[in-house]
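This report concerns only the one structure given below.
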Amino acid sequence: MDYDVIVVGLGHAGCEAALACARLGCSTIGLTVSMDNIAQMSCNPSLGGPAKAHLIREIDALGGEMGIAADETFIQMRMLNTSKGPAVRAIRAQIDKAAYQTRMRRTLQCQPGLVVKEAMVHDLIVRDAKVVGVRTDVGDIMSEAVILATGTHLGGRVHMGEMSYESGPDKQPSAVKLGSSLRRHGFAMNRFKTGTPARIDGRTVDYSATKIQLGEDLPCGFSYLGRPGPREQIPCWQTWTNERTHKVILENLDRAPMYTGAITGTGPRYCPAIETKIVRFPDRPRHQVYVEPQGRQDQEMYLAGVSTSFPVDVQEKMIRTIRGLEDVHIIKYGYAIEYDCIDPTQLAPTLESLEIGGLYFAGQINGTSGYEEAAAQGLLAGINAAMRIMRREEQPLIIDRSEAYIGVLIDDLVSKGVDEPYRLMTARAEYRLLLRQDNADLRLTPVGRRVGLVGDERWRRFSAKREAIEAIRGGQEVSDALQEYADEAAEQVEIETKFAGYIAKQRRQVEEFRKLEKWLIPQGIDYSKLTRLSREARERLGAVRPLSVGQASRVSGISPADMMALTVHLKEMAHAERSGEAAKRNG
Amino acid sequence: MFRGDTIAAIATPAGIGGIAVIRVSGPGARDVAERVFVPARASSDSGDASGLCPAKGWVSKYGHVYDGSGDLIDEAIMSWMPGPSSYTREDVAEISCHGGTAVARAVLQAVLEAGARIAQPGEFTRRAFLNGRISLEQAEAVLSMINARTERARRAASSFLGGRLGAKVRKAQETIVSLMTLIEASLDFPEEDIPDVALKELADESVRIASLLEEAWRDASRGRILWEGVSVAIVGRPNVGKSRLLNALLGEERAIVSESPGTTRDVVSEVANIRGIPIRLIDTAGMRDSADPVERIGVERARTALKDADVALAVVDGSVPFDRADMEIAAQTPGKHAIIVINKCDLPEELGREDAQRIAAGRLCLKVSALTGEGLDRLEEAIETLVLGDGGRGSNSMGPLPAAGEGGTWINGGHSEIGMGLGREGSELLGMRREDCLRRAASSLRDVARGVEEGMPPDMVSIDLRAAMDTLGELTGETTREDIVDRVFAQFCVGK
Ligand SMILES: Cc1cc2nc3c(=O)[nH]c(=O)nc-3n(C[C@H](O)[C@H](O)[C@H](O)COP(=O)(O)OP(=O)(O)OC[C@H]3O[C@@H](n4cnc5c(N)ncnc54)[C@H](O)[C@@H]3O)c2cc1C
Ligand SMILES: Nc1nc2c(ncn2[C@@H]2O[C@H](COP(=O)(O)OP(=O)(O)O)[C@@H](O)[C@H]2O)c(=O)[nH]1
């Protein structure tokens, strides 16, 4: 065995996974197609927003890296939803794309116990339903566990107008062999699609025709490790499409791969290409476009809102109809990419494959989309892979829907599955009011400490904040030593008091929810024998293998009657066991 | 194996709902089915040599039901489930016809004429149990599942929502879902061109829908009497122990028990499980003339409750001397359906034997202690006899036939074996749940309005709106969290 853990892919998922494993004491190797795409933001150079900022805070609270790296490298930061209540308040930041990548790469390279290597993984080495290593273009590497975090590379195919070719994002190679290897190992796959807009030369934008959007001086950043250092913030610029833009688009629909049938993968509804927006919302007179800087040292600007896969001449024509962009120079054209991902219901809530031991999946390969979603999964997969190796006697880390957005995300994936690229939203969280970005540390830092990712400094800060909260709750002055935390602590107490009624309601809902979550299903259960269940239910439950009755109830395709039959069966089993034991005792 | 005669009952609650199922179980089920049901296009089914009711395997056939004189009653689907692979392990035939009381009763009548007898409540389940088909635990699990406040049983309930009530509820739900979509879109996509939620309008809408639901709730409780089953009114002078008796029969603390007369101001009504029969117990305000207007209303309601009830328990305090009022109250109870309950038999007896007999005037008279539970067994037995015996049935507000046999279709519209174990209890609980849902949803909506008034931000207010939506969803089986996400994407152009 060469390493404890191999992490395949060093995107946002892979970085968190590799760091977590190494920090928990596993000898770890991270493989990437290219050292240049580590922690790459292949789409907008921004992090955060509702649900996503929440995720970053949760990652941070558990001892992950994303929040710290973002705080070091942001070039603009704002607080969204300030008037809509504490549950949905969310930080959003423009990130210096190159700086972020450099920062992450350095972190990986400085991490004891972790090495990285450029290698293209072609195949898994599996023995006795357990993964033991990977085959790469530079030889076999053996390990106890493998985390696949290959993003959009599997079977990647790029579309731009009439052009279409095998490729990963940003002209990186497509991982064709690994995709077929997964199929061969029996994984059911989905084919999804996503797209990205053109990047333009910032010098060719007429900013006077756009609306400026400035950053804010916030008292906090993403990370709980302290307020980010002060810096000059860079503005974004807002403009809009217009009738002329829409005309160009409608006239050229026959050249849009989205509409010619060239693209068959399912795209995300929340990130539609501009051509889709025009077709689906014909009444909208205009759509907003943001010109977002990609970094301090970069003239390349990102054009948020006009993701497209039109051919280059149409892209040129279309973009130039937009106010302020009449004379724009395009550096990189937009494109759509189709890729394979696995059906995530084949995973346990630990993100480990149900079929192949030691094999974990994280990030876009699970059908999600978004940097934060990827990082969150990477962290969880990393923790669980490490625990599997280092601490077999302990329970793996499973976070439930009432504890964190991470729990909502993973439960949605493994219980319900996905039929389009999955993006987290606050609307997906039943207990939104309890899962705020302001209390992620209170929710999760003790968990991270127990796992072993929360270092002493973070723990000290956390304890100090908790102390300050206690003081304010008790009506005392916050001591001088804790002044740094006074504001945050006061905010906590204020939220607790002001919204006490609502918080109590949600807590009651959580109690209800936990009842079914705590009703565990024995894992050896053979669903095919439960003839009272509908055939579909038997198949679905057999595939998903829910841990609890609560999880079973969320599996798609399970009817009320199925749930009833299942619970009856579980009671029977428990009963039989009891009487069996009684018989043993008596006999 | 337990071998009984052939029993039949309407397996779906009467009155509301699109489909009624008449279930027949027993050795004569085949004969009965073949007598009343004629499959359509029988000739083209020539490959089917086993006929209408094969000895093995379940079949479902479309056709028509005829009565004894050969007149067409209705078109129907007949499902044949030969023993032992049926719910009761006996031969079972289920005839699904159009809902509506008249049709269902006509079909049942035809089935009875063809040789079945009317089933007693719980009889199908009893047979299933006797034949080892299900365990006691199973029945429990089934019931607890209905009780579980989960997304599930609602689909069931939705079958009650076919009518006017259903339309009302669905409209309310639709409005709530639209409001929810607006809120969620604005909360999750602050950077898009989405208008912020107009909280004032949200509050007004919420109040409007709340009233609508409250109205539906009142309708529902009215309609429920049609099919719900047996109600037992508890009457008596103040302080004789009515509330305590109700609690004792319920097995839990519900009505207020106090030392000062007249505390049970309003009618308290709960469903107790008495010997497997769900029975609605109605505790009435102490019947006496009172100057307190609130109490007077209570007394008025007590009289109405008494009039509507199927059985009356006239409670008399045995630890105090005879009072004419006891006799008057007892006299108001309709003769043969009343039981005179002499309570507090744990205390020294003050009410003489003759006095008791005077009050009872020939009706059944039992001594109990609501406090110690003494005599409650016999009381329950007496109630069961009254309800199941001829006396109870004749007075039933549902008419001569029991409205609900064994619940069946409510689970998934059909022949899910497990779904058949609900019986009367199932329909009863569903009825109550329906009202409960309406009430809870209305109250959540009022909370929405209150929250807005108190200046709460949309994320808070959304909790109550969501609760209202989920509660109605329980009822109609429609609209999940995922639907809101879908709607956000359908209605708003979001994302970069
Ligand atoms: C064109 C495009 C547009 C997008 N648009 C959006 C958007 O609008 N909104 C949004 O939220 N998200 C968008 N995303 C998604 C977002 O970029 C991803 O969800 C996120 O980066 C996924 O992170 P990841 O860690 O799973 O994978 P990635 O960041 O893609 O990283 C994959 C890693 O795996 C490595 N790798 C792949 N195959 C192999 C192999 N066989 N052997 C070795 N290494 C391998 C790569 O070198 C890379 O390091 C877009 C992505 C793309 C490509
Ligand atoms: N000793 C005794 N006290 C009883 C019994 N039943 C009720 N009580 C008491 O009588 C009082 C009146 O009871 P309550 O149920 O409120 O009477 P209600 O006004 O008829 O509803 C309470 O103090 C009860 O605790 C009984 O069987 N034995």
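Any read-out appearing in this document is the output of simple, stated calculations on the displayed coordinates, not a laboratory observation. Note that the structure is predicted; figures quoted are calculated from it, not measured. Heads up, the Cβs are rebuilt from the backbone with ideal geometry, glycines too, and the neighbour counts pull from every protein chain shown.
Could you order the peptides B:364-372, B:111-119, A:372-380, B:67-75 from most to least packed, using the average number of other C-beta atoms within 10 Å per residue?
Values: B:364-372: 19.0, B:111-119: 20.8, A:372-380: 31.3, B:67-75: 12.6.
Output ranking for B:364-372, B:111-119, A:372-380, B:67-75: A:372-380, B:111-119, B:364-372, B:67-75.
Using +1 at the C-beta of Lys and Arg and -1 at the C-beta of Asp and Glu, which of A:478, A:552, A:525 has the Cα lying farthest in the positive direction of the dipole of region A:466-583?
A:525
For a 18 Å ceiling on Cα separation, which of these pairs sit above it: A:247/A:317; A:171/A:193; A:211/A:317; A:247/A:277? Numbers along the way, then the final one.
Details: A:247/A:317 11 Å; A:171/A:193 16 Å; A:211/A:317 22 Å; A:247/A:277 13 Å.
Exceeds cut-off: A:211/A:317.
Treating only the Cβ of Lys, Arg, Asp and Glu as charged (+1, +1, -1, -1), what charge dipole size does region A:519-586 show about its Cα centre? Round to the nearest 20 debye. Can you show the working numbers first?
On the way: 11 positive and 7 negative charges, 16 e Å.
Once rounded to the nearest 20, the dipole reads 80 debye.
Go ahead and run the numbers for FRET between residue A:507 and residue B:372, Cβ-Cβ distance against an R0 of 45 Å, rounding to 0.05. Walk me through the numbers before you get to the answer.
Numbers: r = 39 Å, r/R0 = 0.87.
That gives a FRET efficiency of 0.70.
State, to one decimal in nm, how far the label point of residue B:113 lies from the label point of residue A:35, with both points 7 Å from Cα in the Cβ direction.
Reported label-point gap for residue B:113 and residue A:35 is 9.3 nm.
Taking the simple approach of a point 7 Å from Cα along Cα-to-Cβ for both residue A:578 and residue A:463, what is their distance in nm?
Taking the simple label geometry, residue A:578 and residue A:463 are separated by 4.5 nm.
Just name one of A:145, A:310, A:353: the one whose Cα is farthest towards the positive end of the charge dipole of chain A (beta-carbon charges, Lys/Arg +1, Asp/Glu -1).
Highest projection toward the positive end goes to A:353.
Using a ≥ b ≥ c from the Cα gyration tensor of region A:1-76 (square roots of the eigenvalues), is it rounded, prolate or oblate, where a/c under 1.5 gives rounded and otherwise the larger of a/b and b/c decides, a/b for prolate? If you can, show how the numbers build up before the last one.
On the way: a/c = 2.64, a/b = 1.53, b/c = 1.73.
Oblate, because a/c is 1.5 or more while a/b does not exceed b/c.
Would you mind putting A:302-310, A:550-558 in packing order, based on average other-beta-carbon counts within 10 Å, highest first? Don't skip to the answer; put the middle values down first.
On the way: A:302-310: 27.0, A:550-558: 20.1.
Per-residue mean Cβ counts within 10 Å order the peptides as A:302-310, A:550-558.
List the lysines whose Cα sits under 25 Å from the Cα of residue B:168, skipping any in the same chain fewer than 8 residues away.
The qualifying lysines are B:200.
Within 10 Å of each Cβ in B:181-192, how many Cβ atoms from other chains are there, averaged over the peptide?
Numbers: counts 1, 0, 3, 5, 2, 3, 13, 13, 6, 12, 13, 4.
That works out to 6 on average.
Put a dot 7 Å past each Cα toward the Cβ at residue B:174 and residue B:357; how far apart are the dots in nm?
Output for this residue pair reads 6.8 nm.
Taking the Cβ of residue B:97 as the centre, find all other residues whose Cβ is under 13 Å away and add up their charges (Lys, Arg: +1; Asp, Glu: -1). Don't skip to the end; give the middle numbers.
Values: positive: B:23, B:105; negative: B:67, B:74, B:75, B:94.
It works out to a net charge of -2.
Add +1 for every Lys or Arg and -1 for every Asp or Glu among the other residues with Cβ under 13 Å from the Cβ of residue B:68, and state the total.
On the way: positive: B:35; negative: B:67, B:71, B:113.
Every neighbour counted, the sum reads -2.
How large is Rg over Rh for region A:472-576, taking Rg from the Cα atoms and Rh as the Kirkwood inverse mean of 1/r across Cα pairs? Walk me through the numbers before you get to the answer.
Working: Rg = 22.3 Å, Rh = 17.1 Å.
Ratio value, two decimals: 1.30.
Helix by helix, which DSSP H runs in chain A go 27 Å or more along their axis at the Cα atoms and have an average Kyte-Doolittle hydropathy of 0.0 or more?
Values: long enough: A:371-390 (28 Å, 0.53); A:560-586 (39 Å, -0.59).
For chain A, where a helix must reach 27 Å along its axis and average at least 0.0, the hits are A:371-390.
With the dipole of chain A worked out from charges on the C-beta (+1 for Lys and Arg, -1 for Asp and Glu) around the Cα centre, which of A:380, A:12, A:129 lies farthest toward the positive end?
Result: A:129, furthest along the dipole toward the positive end.
Averaged across the residues of B:55-64, what count of C-beta atoms belonging to other chains lies within 10 Å of each residue's C-beta?
Working: counts 0, 0, 0, 0, 0, 0, 0, 0, 0, 0.
Average neighbour count from other chains, rounded to a whole number: 0.
What's the average, rounded to a whole number, of partner chain beta-carbon atoms within 10 Å of each residue's beta-carbon in B:450-457? Spell out each step's value before the answer.
Working: counts 1, 3, 0, 0, 2, 1, 5, 11.
Whole-number average of other-chain Cβ neighbours for B:450-457 is 3.
Which order do peptides A:144-151, A:464-471 fall in by mean Cβ count within 10 Å, highest first? Write down the numbers at each step before the final one.
Values: A:144-151: 29.1, A:464-471: 18.9.
Top of the packing list down: A:144-151, A:464-471.
When the helix-only estimate is applied to chain A (DSSP H runs of n ≥ 4, each -39,500 (n - 2.57), divided by the residue count), what is the mean residue ellipticity at 222 nm, nearest 500 deg cm²/dmol? Please report the intermediate quantities before stating the final value.
Working: 18 runs with 217 residues, N = 587.
When only DSSP H runs of four or more count, the value is -11500 deg cm²/dmol.
Would you please classify the overall shape of region A:158-269 from the alpha carbon gyration tensor, given that a ≥ b ≥ c denote the square roots of the eigenvalues, rounded means a/c under 1.5, and beyond that prolate means a/b larger than b/c while oblate covers the rest? Walk me through the numbers on the way to the answer.
Working: a/c = 2.75, a/b = 1.30, b/c = 2.11.
Because a/c hits 1.5 or more and a/b fails to exceed b/c, region A:158-269 counts as oblate.
Quick one: pull the percentage of alpha-carbon pairs in chain A with a separation above 38 Å.
Numbers: 57699 of 171991 pairs.
When every Cα pair of chain A is considered, 34 percent fall beyond 38 Å.
Cysteines of chain A lacking any other cysteine beta carbon under 4.7 Å?
For chain A, the answer is A:15, A:43, A:110, A:220, A:236, A:271, A:341, because their Cβ atoms have no other cysteine Cβ under 4.7 Å.
What's the local net charge at residue A:164, with K and R +1, D and E -1, over the other residues with C-beta under 15 Å away? Please report the intermediate quantities before stating the final value.
On the way: positive: A:157, A:171, A:191, A:193, A:255; negative: A:162, A:166, A:338.
Local charge sum for residue A:164: +2.
What FRET efficiency comes out for residue B:208 versus residue A:496 if R0 is 35 angstrom and r is the Cβ-Cβ distance? Round to the nearest 0.05.
The computed FRET efficiency comes out at 0.60.
Could you work out the relative contact order of chain A? I mean the mean sequence separation of Cα pairs under 8 Å and 6+ apart, divided by the number of residues, in percent. Numbers along the way, then the final one.
Numbers: 1261 pairs, mean separation 105.7, N = 587.
Normalised by residue count, the contact order of chain A is 18 percent.
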